[in-house]
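The structure appears right after this line, and notes come after that.
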Amino acid sequence: EVLLDLKDVVAGYGNLTALHGVSLNVKQGEVVALLGANGAGKSTTLRTISGLIKPSAGSLRWKGASIVGNAPEKILRLGVSHCPEERHVWPEMTVAENVELGGYLLKSKTELQRRKDIAFHRFPRLKERAGQLAGTLSGGEQQMLAIARALMSEPTLLVLDEPSLGLSPKMAFEVFDVVREINSHGVSILLVEQNVHNALSVASRAYVLETGRVIAEKSSESLLNDP
Ligand code: ADP
Ligand code: ADP
C-alpha cells in the first residue's frame with residue numbers, strides 16, 4: 001500500500017525554486033532514504049511533505065487523498081510526523097517537558113502519560129535525564145530526544161531529516177539502531193541521509209536528488225554495487 005505519493009512537486013522559497021518536479025513514494029512498512037549533496041532539495045522535500053512549504057505545482061497525496069495546502073498540524077493528525085534537521089529541542093526545558101511537547105495534540109492526560117512511558121522505555125538514556133535541561137544533553141542525546149518527541153504522536157510515517165548529522169560514528173550507529181527498532185514496530189520512515197553507507201544500513205530503497213530533481217531511484221542492492 002502506497003502511503004505517501006509525490007508527483008512532479010515544484011516548491012521553493014519566494015523566488016527561489018528548490019524543487020523542480022520531485023516524484024517519489026513511500027509504501028507501508030518501508031524505510032526510504034533521500035540521498036544527495038547539500039542544497040539538492042532534501043530538506044525542502046521533507047518540509048513540503050509536512051506542510052511547512054506549499055508546493056506551487058504537482059500533487060502530494062497521503063493514502064490517496066491530496067494533502068496540498070494542509071496545515072502542518074493537520075498533516076500531523078493524519079499520521080505524518082516530521083523530525084527536522086535543526087534538532088530543535090527546547091534547551092531551557094527539561095527532557096521530560098520536551099517529550100511532552102510532542103503530544104500536544106492529545107487531550108487525555110492518561111494517554112499522554114502512557115506515551116511518555118513508552119518513550120522513556122525506548123530511550124533509557126532520556127529517562128535517566130528526564131529532569132535535566134535539554135540544553136545539557138550531548139548532540140546524540142538531543143537527536144534521540146527529537147526523535148522521541150516526534151514519536152509522541154504515534155505516526156504512521158516518520159519523516160526524519162539527517163539524524164546522524166554532526167554525530168560521532170558511534171552515536172550515529174545508535175541512532176540508526178533506533179530507526180530500525182521504530183520501523184520494526186510498523187512505522188514507515190522517510191529519511192534524509194548524506195552518507196550512503198548509513199542509508200544502506202536501514203533503507204530498502206533510496207531516491208537520489210540533484211538540484212531539485214530526482215535523478216535516480218535505487219534499491220539497496222544496486223546502491224551497494226554502484227554507490
Ligand atoms: P541544509 O542545506 O544543510 O539542509 P537547511 O536548508 O536546513 O540546511 O538550512 C539551515 C538553515 O538555514 C535553515 O534555518 C534554513 O531555513 C536556512 N537557509 C538555508 N538556505 C537558505 C537560504 N538560501 N536563504 C535563507 N535561509 C536559508
Ligand atoms: P538539502 O536538504 O538537500 O541540503 P535544501 O532543501 O535545504 O537542500 O535546499 C534546497 C535549496 O533551497 C538550496 O538552494 C537552499 O539554499 C534553499 N533553501 C533551503 N532552505 C531555505 C530557506 N529557508 N530559505 C531560502 N532558501 C532556502
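Within region 12-55, being of a type in the set (Ser, Thr, Tyr), open to solvent by less than 20 Å² (accessible area, probe 1.4 Å) and more than 11 Å from ligand 1 (Cβ to nearest atom) holds for 48, 50. Within region 208-227, being open to solvent by less than 100 Å² (accessible area, probe 1.4 Å), touching a helix residue (DSSP H, G or I) at 6+ places or on another chain (Cβ under 9 Å), outside any strand (DSSP E or B) and at negative phi holds for 220, 223. Exactly one residue out of 96, 148 is among the hydrophobic types (A, V, I, L, M, F, W, C), away from ligand 1 (no atom under 16 Å from the Cβ) and over 22 Å from residue 33 (Cα atoms), and it is 96. Tell me, please, whether a residue that is touching a helix residue (DSSP H, G or I) at 6+ places or on another chain (Cβ under 6 Å), more than 21 Å from residue 113 (Cβ to Cβ) and within 16 Å of ligand 1 (Cβ to nearest atom) can be found in region 168-190. Checked region 168-190: no residue is touching a helix residue (DSSP H, G or I) at 6+ places or on another chain (Cβ under 6 Å), more than 21 Å from residue 113 (Cβ to Cβ) and within 16 Å of ligand 1 (Cβ to nearest atom).
Considered as a group, the residues in region 191-207 that are surrounded by fewer than 20 Cβ atoms within 10 Å (Cβ to Cβ) and within 16 Å of ligand 1 (Cβ to nearest atom) include one that is nearest to the chain's Cα centre (by Cα), and that residue is 194. Of all the numbered requirements in (1) surrounded by fewer than 15 Cβ atoms within 10 Å (Cβ to Cβ); (2) in contact with a strand residue (DSSP E or B) (Cβ under 9 Å, 6 or more places away or on another chain); (3) touching a residue at least 60 places away in the same chain (Cβ under 8 Å), residue 132 misses one, and that requirement is (3).
The values are calculated or read from the model by the stated rules, or taken from the named source; none is laboratory data. Every value quoted in this text rests on a predicted model; they were computed, and no experiment measured them. Reconstructed Cβ throughout: ideal geometry from the backbone, glycine too, with neighbour counts over all protein chains shown. SASA here: full protein model, heavy atoms, side chains in, ligands and nucleic acids out. Shrake-Rupley method; radii C 1.70, N 1.55, O 1.52, S 1.80 Å.
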